[in-house]
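The values are calculated or read from the model by the stated rules, or taken from the named source; none is laboratory data. This structure is a prediction, so every number in the text was calculated from the model and none was measured. Because the Cβ atoms are built from the backbone with ideal geometry, glycine has one as well, and the counts that use them run over all protein chains shown. Note: accessible area is taken over every heavy atom of the protein model, side chains too, but ligands, DNA and RNA are not part of it. Shrake-Rupley method; radii C 1.70, N 1.55, O 1.52, S 1.80 Å.
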Amino acid sequence: MDFDAAYHSHHPALYRYVHRLVGDPDLAADVVQESFVRLLDHPLPDDEVRRWLFTVATNLVRDDARMRTRRQRLLAERYERSDLSPDAAEEPDRTAVRSERIAAARVALDALSERDRQMLLMREEGFRYAEIAEAIDVAPGSVGTLLARALRRFAGALDPAFRTYEKEEAEHGSDEGGNPVDSDANAERS
Amino acid sequence: MRRSDEELLAYLDGELSADERRSMRAHLDASPEDARRLDELRFASRRVTAALETLDVPAPWPEMPATLREAARNAPRPLTSAPSARRAARFGGRSVVAAAALILVLAAGAYAVPGSPLRDFVSRSVSAIGSLIGGAPEGPADPGPSEVAVDPIDGRVLVAISGPSRDLRVTVAVTMDERANVSARVASFRVEAGRIDVTDARGDVRVELPRSATGAVVEVDGVEVARLVDGVLRLTPEAGTGTAEILIEPAG
């Protein structure tokens, strides 16, 4: 295992995953660094490093009471910030729209159970169901069911902050039949 | 027969075998209702991705932090016997800086007593802490966000900065803190008694000098660019001669 190469290959995605999970840039940086420090004690074949790092980071977040406390505080602050007045919510300013979307995304994500959040975020990083099952410690056969439910819950909770986005997508990204453009590329992922 | 969300998502995520995919395609051709549900899931998936991307911020430390690089370099195969280096990496910058500050307080005391037997010990400790912060002197330049602080010795402190001048902007300020403080996102640090060396600095470097210092000097590439005397901070005439940008922050 080339530690330098592992760092450069996996650091951006691991940070993105952990930051989405905990919602705090500094905390995410600490978790990512700790994960890499632990990797020093676990020389692994290259093809196992990525899943191992994500598993360790997930466990660090899950097991650290300090993080939970900090997350709860951040969550409370975020709820307060997301309580936009109607006037503010209708303000066409792009910054306001973006802030609203960020708040909506965070609130929707934090409304999921910890396990569903971890699974959804690992799916976003392209992990296979078997890898997710191992990292999150759930039965492999239940990953699809749990993911489908989490996906629908999360997407449903995003309304209405992403309505504008979807209108833009419908105008610029629709196929001829008016459906969102998305090829079956994922279906060929295997 | 109606397919479950789980099956549809597994198809979308490429989790089905080739045979299962063929079967699913045939089913979707024959079942407009399930084809519509697949589109819903696909759309939900895109919505989730778009929403999560709004949360993203740039990852810090695209280059490995100095402490982690040092731990990796010191970790022999199998990577199990470099506990001190790993502890240093785990502690991160602030804890190391706190340790450095403690040692430097001792250093000030030891230096104040001529002939003190602690003097050599403290000097070695200061050097060791400096190495811990800045990495081994023979090692490569290690960028990383960090800050260091040092107590003045006999009221004097020196901050010596070097780096690619065209990429360097140094802001000097005076604070009520008792210590001199330097922070930079990309730099290596070495701390000695009454002195901070900042090497391979890029981008913004912030230097805070203690107002209580009787004499504090900031050098860039060996040239004195700012001096604090009796609480008054001034740029030197040489400050404008280099390519590094030197700024003085007005007293708050």
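Laid out as a table, the results:
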| item | result |
| --- | --- |
| Interface size A-B, as summed buried accessible area [1.4 Å probe, Å², nearest 100] | 5100 Å² |
| Number of partner chain Cβ atoms within 10 Å, mean per residue of B:29-40 | 1 |
| Spin-label pair B:LEU235/B:ARG36, simplified geometry with 7 Å Cα→Cβ offset, distance in nm | 7.0 nm |
| Shielding of A:112-123 by partner chains, average beta-carbon count, 10 Å | 1 |
| Efficiency of FRET from Cβ geometry, B:SER17 and A:HIS42, R₀ 30 Å, rounded to 0.05 | 0.40 |
| Shielding by partners, peptide A:98-106 (average Cβ within 10 angstrom, other chains) | 3 |
| P(r) weight above 18 Å for the range B:157-252, C-alpha pairs, percent | 36 percent |
